[in-house]
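Structure first, commentary second.
What follows draws every value from the coordinates through simple rules; no lab data is involved. Remember, it's a predicted structure, so these values are computed and weren't measured experimentally. With ideal geometry, Cβ positions are generated from the backbone for all residues, glycine too; neighbour counts draw on all protein chains shown.
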Number of protein chains: 2
Amino acid sequence: MLLSKSCVYGIRAVLYLSVNDEREYVPIKEISDKMGISFHFLTKILQVLTNAGMIKSMKGAKGGVGLNQPASSISLYDVIRELDGETLFEECVLGLPGCADDNPCSMHKIWRVTKAELKKELEEENFGSLAQQITEDEIRLYDV
Amino acid sequence: MLLSKSCVYGIRAVLYLSVNDEREYVPIKEISDKMGISFHFLTKILQVLTNAGMIKSMKGAKGGVGLNQPASSISLYDVIRELDGETLFEECVLGLPGCADDNPCSMHKIWRVTKAELKKELEEENFGSLAQQITEDEIRLYDV
DNA sequence: TTATATTAAGACATAAGAGTCTTTTATCAC
DNA sequence: GTGATAAAAGACTCTTATGTCTTAATATAA
């Protein structure tokens with residue numbers, strides 16, 4: 001699996017917040033209901049993003065979570081880095097310590113190029129653009 | 001993590017067998033010792049590859065495991081498919097059911113291209129070529 | 001100030017992946 | 001045949017990821 005469940009849920013939640021960007025706070029319960037994600041699990045995931053400063057939160061009635069910065073300034077890579085770390089893009093695929101360009105493992109050549117491309121694309125794709133595409137019905141946010 | 005530990009160990013074991021292709025059977029104990037992999041764990045992984053017909057095995061003294069086909073006819077993708085399945089290359093990254101080109105999720109466009117390239121490269125890289133590169137000291141098989 | 005809504009925090013439960021150990025079965029050498 | 005060697009099979013343990021539940025803290029509104 002490329003991304004952990006936490007990471008996938010995190011991405012989908014930030015997408016939801018990006019689409020609902022005009023609302024200052026959206027209750028996590030609303031997101032978890034709409035996206036079909038366990039409420040308590042999602043809460044823990046969003047706490048990580050809150051601590052990272054990516055989203056802001058407010059307790060109590062009228063509270064919830066919301067983007068803490070323009071959707072267009074948050075990339076897919078930003079969310080992945082917070083929730084899954086950069087292992088996928090940094091460590092040797094075969095787990096060999098000290099694997100590097102001048103001392104490569106058997107999958108090094110292949111993954112080196114692919115991961116660089118993937119990282120670049122994930123860094124360039126921002127949630128503002130994705131939210132717009134969702135609004136224009138070009139891509140999907142939900143199941144079904 | 002791109003590949004499971006089982007898959008990584010499987011790849012490294014098949015690499016070892018490819019480098020030692022002139023020997024009909026190599027004891028799993030030798031592979032696990034040399035590669036620093038748990039013997040019993042590796043045994044279970046190699047059983048999968050044996051059942052898949054990729055390697056052959058022989059019990060008893062002088063027994064062990066060996067390639068069941070030319071190293072050059074086994075691709076990295078073959079081993080990955082047996083041990084991790086094709087989920088990585090088939091399922092939607094965001095886990096949305098029914099995600100397809102005409103009904104894409106937010107990461108669909110990015111991953112669609114990347115995974116196709118990655119799959120192609122993994123299919124084209126065979127263990128004969130890798131073994132030769134290891135023998136010629138161009139790439140590494142072990143830690144350190 | 002009291003009730004309600006909502007995140008924060010952390011204990012707890014379940015499932016899957018990773019790893020260990022023991023017993024059984026098959027093969028070779030003597 | 002007997003003993004040694006090695007894979008096969010399966011029970012078992014440990015760890016991590018995933019998911020649930022309960023309580024505390026905080027904000028709003030009546």
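Before moving on, here are some points about what is shown:
- Considering residues of segment B:21-35 that are more than 20 Å from A:MET107 (Cβ to Cβ) and in a loop (DSSP other than H, G, I, E, B) only, the residue farthest from DNA strand C (Cβ to nearest atom): B:GLU22
- Taking every residue in segment B:29-56 that is farther than 11 Å from B:ALA13 by Cα and pairing it with any residue that is surrounded by fewer than 15 Cβ atoms within 10 Å (Cβ to Cβ) and hydroxyl-bearing (Ser, Thr, Tyr), at least 6 positions away or on another chain, yields no pair with a Cβ-Cβ distance below 6 Å.
- Every condition in (1) within 16 Å of DNA strand C (Cβ to nearest atom); (2) within 12 Å of chain B (Cβ to nearest Cβ); (3) not hydroxyl-bearing (Ser, Thr, Tyr) holds for A:ASN68 except the one numbered (2).
- Search result, residues across segment A:3-28 that are within 11 Å of DNA strand D (Cβ to nearest atom) and at the interface with another protein chain (Cβ under 8 Å from one of its Cβ atoms): A:LEU3, A:LYS5, A:VAL8
- Segment B:99-144, residues that are touching a residue at least 60 places away in the same chain (Cβ under 8 Å) and either in a loop (DSSP other than H, G, I, E, B) or closer than 15 Å to A:LEU118 by Cα (or both): B:LEU141, B:TYR142, B:ASP143
- Segment A:36-71, subset in a helix (DSSP H, G or I) and away from DNA strand D (no atom under 13 Å from the Cβ), residue surrounded by the fewest Cβ atoms within 10 Å (Cβ to Cβ): A:ASN51
- Filter result for A:LEU96 (at the interface with chain B (Cβ under 8 Å from one of its Cβ atoms), surrounded by 20 or more Cβ atoms within 10 Å (Cβ to Cβ) and not in a loop (DSSP other than H, G, I, E, B)): no
- From A:GLU86, A:GLU138, A:GLU91, A:GLU124, residue being within 30 Å of B:VAL14 (Cα to Cα) and at the interface with chain B (Cβ under 10 Å from one of its Cβ atoms): A:GLU91
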